[in-house]
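Written below as structure tokens is the structure these notes are about.
Just so it is clear, none of the values below were taken in a lab; they were calculated from the coordinates. Everything quoted here is computed from the prediction, not taken from an experiment. Every residue, glycine among them, receives a Cβ derived from its backbone with ideal geometry; neighbour counts consider all protein chains shown.
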Amino acid sequence: MGEIVFNKSQKNLKKVYNRLNSNNLSKYVKSYTDKVLFLAVGGYNRTFELIQAMGADKDDIATFSTLNLTKQFLMETHQKKVIYIKKINYTTSVNKNLSFTVKKLDLNVADAFEESMMVYATAQRFIGDGKQRQVWDKPTVVVLDDQSLNLQYEGHRFRYQNDIGFVQIRNRNADPKEIIKEIENVDEAEKMMFALYQMDVSTEAEVINVLTQLSQVVQLKIDDDWAIKPAEFKRIAGSQNLATQIKEMPELGIYQLSSNKKIGKENARWIIIPEHAFNFTGFTYKDEDEIFAEQIEMEEQAEQRIIAEQETKLQKILSIEIPFNIRIGYTGNQLSSSVITLQTFLNDIDDIESEKVNGIELLEGATTEQEYKAIKKNNLVYFLDGNYKNDERKDENYLGGRRLISIDVDDGDYNRAQIESRIETQGLFALVYPTAKHYYDNSNRWRIVMMADGEMSKKQYKQVVAGVAEVLMLEIDEASKKVSQLMGYPLAGKDVSVLTGSLVSIDQFVQEEIDFSQSKNVVPFTSTSKKSLADFNHPQAELLRKVLNGGVEEGRRNETYRQVYMYLRDTLNKPEMEIWHAEALELIEITKQQALTDGLPEKEVEVIYR
């Protein structure tokens, strides 16, 4: 285990080492084209000695606490090799009180220091007067002694001065010669690199020392583990803080029994030390790039889990069998019934188009509205799910079995992305594809096919279709609410979007009717009902709960408050929900105020709550 944390830190140090030992850095012959190297040495108490070990004589080093280009600074740094910046706080300010001291990140302090480095890097000055006037021969190495690891305090990273090379030393008092020895066979960095400070380095040597002492005193072995009394463990650790840290290190696996246990002749709440803990040689440090790579990997794994879950959910929906009817042309009432799944529905699209219809070619070739309508009437394929008496397509013949909810988006000029966004906001499964009109004149005309979580009656179908259209904020005609309405089959499989989500809840849109005529003892709901509008189990009520529990995150506010208002407005418009009318009025005002609190402009709130 070396003293320098990270290979890139070794390369940073080697670059400075090579510069200090370059022939161009003699006191009198220097290359003015050399870029200034900034090196931050973190967590080390012997930085000045290290600079000397790297090839700079004591007289070659100018020590300052700032990079301010004063006359004295210029005179004292002229023809030196190194400027050694020794200070406590590079990015923080310190507030001292009689009873406490507080250190906090101060961007004014950090920005000022960063600016001084930027100025120094390109500064050209003269020193002396008259005949003694000469060009300032500035040091091209600046070493920042960062013993307190302050340069990355609270994750701060300089914004513009990105050429600082960072080096962190494990042992604060390591021999400089040992550090130099580590970089003998290391290639120098092409440019100075950032290296993330590791916050547990300071305890690493202490942990190894404690483990060494423990290995010499433990005598009680249980299988492959060792046991020691808590008091003895703490005494060897030397402090409560270090003892706790060691027990919490996952690399060691050391733990304490939850209750007393008698082992041999002694009874104690033992500290258990696995055998492998004594082989600990140091922490595995993670640099910024490694942490970022791990985060990407974790996100990818999470994405794959979500994809797998969504695919399972999707396949479950696509495999549901439904009674299905298909026919060419929409005139007449005769149906041809079968039982299929939506997966079959999707699989058959291109075969139907190429073998029976050629609808896209016909529509794209149509030159008049009359021709277009004739193609729709006679040539295209239509579908309808559900069972019908004598396979005759009439509302009065409907026998049940319908689960598909079909909506045509014929009004407005929505593009596909807008339609799909509204569906995805509701978390619903859907098929979205262009209607015949799209292929005729490239109109933004779309069909949405969803599936309910159960079979619907004729009345339920009408309510569900109307409710879904309202949730999606789409206008539909009355024909779409007919349970026997034919819908156009997709014309191209590649044009069908399959959106993963949930089945449509019938209960969300169907209002149960209570028959009070059956018994005089049945009493209608009264205002004493304790159920709130936020307690119902459907998406709009869930959005209402979200609003009431602290507001809505940015990016979803307009749509969320719109849905909540529609829910409350619909409640007011339904006589059968009279017991919730007062609450709905109150909630409208509460949610309106919350919308303003969330940051929505007053005009937008007025539009939503119009």
For region 4-199, what is the convex hull (Cα atoms) projected area averaged across all directions, in square nanometres? 12.2
Students often get this wrong, so check it: of Lys313/Lys437; Lys14/Lys96; Lys35/Lys86; Lys8/Lys71; Lys104/Lys286; Lys458/Lys592, which have C-alpha atoms separated by over 30 Å? Lys313/Lys437; Lys14/Lys96; Lys8/Lys71; Lys458/Lys592
Whole-Hz ³J(HN,Hα) from phi, Karplus 6.51 cos²θ - 1.76 cosθ + 1.60, for region 391-397, glycine and proline x: 6, 10, 7, 9, 4, 6, 8
Given +1 on the Cβ of Lys and Arg, -1 on the Cβ of Asp and Glu, and no further charges, what dipole in debye does region 321-364 carry about its Cα centre, rounded to the nearest 20? 300
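Helix by helix, which DSSP H runs in the chain go 18 Å or more along their axis at the Cα atoms and have an average Kyte-Doolittle hydropathy of -1.0 or more? Please list the in-between numbers first.
Numbers: long enough: 7-20 (20 Å, -1.74); 107-122 (23 Å, 0.46); 201-217 (25 Å, 0.60); 288-318 (44 Å, -0.82); 458-471 (20 Å, -0.25); 557-573 (24 Å, -1.33); 581-597 (24 Å, -0.01).
Qualifying helices, which must be both long enough and hydrophobic enough, are 107-122, 201-217, 288-318, 458-471, 581-597.
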Of all DSSP beta bridges located in the chain, what percent are antiparallel, nearest 5? 70
Ranking Arg545, Arg133 by Cβ neighbours within 10 Å, fewest first, what do you get? Arg133, Arg545
Only bridges with both residues in region 4-199 count here: give the DSSP antiparallel percent, nearest 5. 35
Any idea how far the Cα center of region 541-594 sits from the one of region 49-124, in Å? 59
Roughly how big is region 319-509's charge dipole about its Cα centre, with Cβ charges of +1 (Lys, Arg) and -1 (Asp, Glu), in debye to the nearest 20? 480
Report D for region 190-305 in µm² per second (integer): Stokes-Einstein, Kirkwood Rh on Cα pairs, 25 °C, 0.890 mPa s. 148
Which whole number in µm²/s is D for the chain by Stokes-Einstein, with the Kirkwood Rh taken over Cα pairs at 37 °C and 0.692 mPa s? 101
Residue span Asp411 to Ser502: 0.36 nm per residue of separation minus Cα-Cα distance leaves a gain in nm of 30.2 nm
With charges only on Cβ, +1 for K and R and -1 for D and E, what is the dipole size of the chain about its Cα centre, in debye, rounded to 20? 2240
Ranking Asn89, Leu151, Ala56 by how far each Cα lies towards the positive end of the charge dipole of region 40-164 (+1 on Lys and Arg Cβ, -1 on Asp and Glu Cβ), the top one is Asn89
Rounded to a whole number, the Stokes-Einstein D of region 79-192 in µm²/s (Kirkwood radius over Cα pairs; 37 °C; 0.692 mPa s) is 191
How big is region 319-509 by the Kirkwood estimate over distinct Cα pairs, in Å? 16.9
Would you calculate, for the chain, the mean residue ellipticity at 222 nm contributed by helices, counting each DSSP H stretch of 4 or more residues as -39,500 (n - 2.57) and dividing by all residues, to the nearest 500? -11500 deg cm²/dmol
Is the shape of region 533-608 rounded, prolate or oblate, going by the alpha carbon gyration tensor and its root eigenvalues a ≥ b ≥ c, with a/c under 1.5 for rounded and a/b larger than b/c for prolate? prolate
Across region 154-264, how many lysine pairs separated by 8 or more positions, or lying on different chains, have Cα atoms within less than 27 Å? 15
Please rank Ser258, Ser484, Ser505, fewest neighbouring Cβ atoms within 10 Å first, as an exposure proxy. Ser258, Ser505, Ser484
So what is the relative contact order of the chain, in percent, for Cα pairs below 8 Å that sit 6 or more residues apart? 10
Which of Val217, Gln426, Val468 sits closest to the plus end of the dipole of the chain, meaning its Cα is farthest towards the positive end, when Lys and Arg get +1 and Asp and Glu get -1 on the C-beta? Val217
Protection proxy (average C-beta count within 10 Å per residue), highest first, orders 181-189, 124-132 as 181-189, 124-132
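Counting other Cβ atoms within 10 Å, keep those with at most 14, restrict to DSSP loop, and tell me which trypsin sites (Lys or Arg not before Pro) in region 322-403 are left.
Those satisfying the criteria are Lys394.
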In whole angstrom, note down how far apart the Cα centers of region 316-349 and region 407-478 are. 18
Distance from the Cα centre of region 261-289 to that of region 239-259, in angstrom? 7
